[in-house]
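Only one structure is covered here, and it is reproduced in the block below.
Laboratory data are not the source of any read-out in this text; all were calculated from the coordinates shown. These figures come from a predicted structure and were not determined experimentally. Positions of Cβ are generated from backbone atoms using ideal geometry, with glycine treated the same way; all protein chains shown enter the neighbour counts.
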Amino acid sequence: MNIGEVAKRTGLTSKSIRLYEEKGLIHSLRSENGYRTYSDVQIQQLVLIARAKNLGFSLDDCKELVELSQNNQMQSAVVKAKTVAKIADIEQKIADLTAIKNTLKTWASHCPGNESNDCPIMDGLKEGWSQGAID
């Protein structure tokens, strides 16, 4: 199967498929004329990669997950540990985004939003410049 057909079947772009191959997540075969060809195994791997990427796993994580999916000795404990770590990462990102949202809401609520140059939002953004600190 050629890359265009694989792209249609997996919902990925040809560019993404080539990137995943370049990064070693999948391995295509080459036809006599040099074109990439893919089997059902690569399609399954690409579907796994697409789903894992949509759930926030990195390319390195996806590579490990593809390798685990091909390993008859795979243990679910390994996959669960990766998933639990991803959940912790997502929870930290949610906490970080909540803190950002709360800061912005506070600044916006204190900003008069009028013609004056008194702007708590700008004050908050410039805070720490005198010390050279950037968060």
Completion exercise
Straight-line reach check, Lys23, cutoff 19 Å on alpha carbons, 8 or more apart in-chain or any other chain, hits among aspartates and glutamates -> Asp60, Asp61, Glu64, Glu67
Problem - Amide proton proximity set for Thr37, modelled H, under 5 Å, gap of 5+ - result: Leu29, Arg30, Ser31
Problem - Which of Leu97, Leu25 has the fewest Cβ neighbours within 10 Å, and the rest in rising order - result: Leu97, Leu25
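Hey, any idea what Rg/Rh is for the stretch 1-74, computing Rh the Kirkwood way over Cα pairs?
Working: Rg = 11.9 Å, Rh = 12.4 Å.
With Rg and the Kirkwood Rh in hand, the quotient comes to 0.96.
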Practice task
Quick one: divide the alpha-carbon radius of gyration of the stretch 83-128 by 2.2 N^0.38 Å and tell me what you get.
Solution key: 1.64
Practice task
Would you mind checking Lys8/Lys93; Lys93/Lys126; Lys53/Lys101; Lys15/Lys86; Lys80/Lys105; Lys86/Lys126 for any pair whose Cα atoms are more than 28 angstrom apart?
Solution key: Lys8/Lys93; Lys80/Lys105; Lys86/Lys126
Fill in the blank from the handout: Note, Ala7: beta-carbon cut-off 14 Å, +1 each Lys/Arg, -1 each Asp/Glu, net +3
Exercise for the section: Take the stretch 1-133, compute every pairwise Cα distance, and split them into 10 Å bins from 0; I just need the percent in each bin. Expected result: 10, 27, 20, 15, 16, 10, 2, 0
Practice task
Among the GluC sites (Glu not before Pro) in the stretch 31-97, which ones are in a DSSP loop with at most 16 other Cβ atoms within 10 Å of the Cβ? Mind listing them?
Solution key: Glu32
Problem - Positive-end residue of Val6, Tyr20, Leu59, charge dipole of the stretch 1-74 with Cβ unit charges - result: Val6
Handout entry: In degrees, nearest ten, helix 76-110 long axis to first principal axis of the chain (Cα)
Key = 30
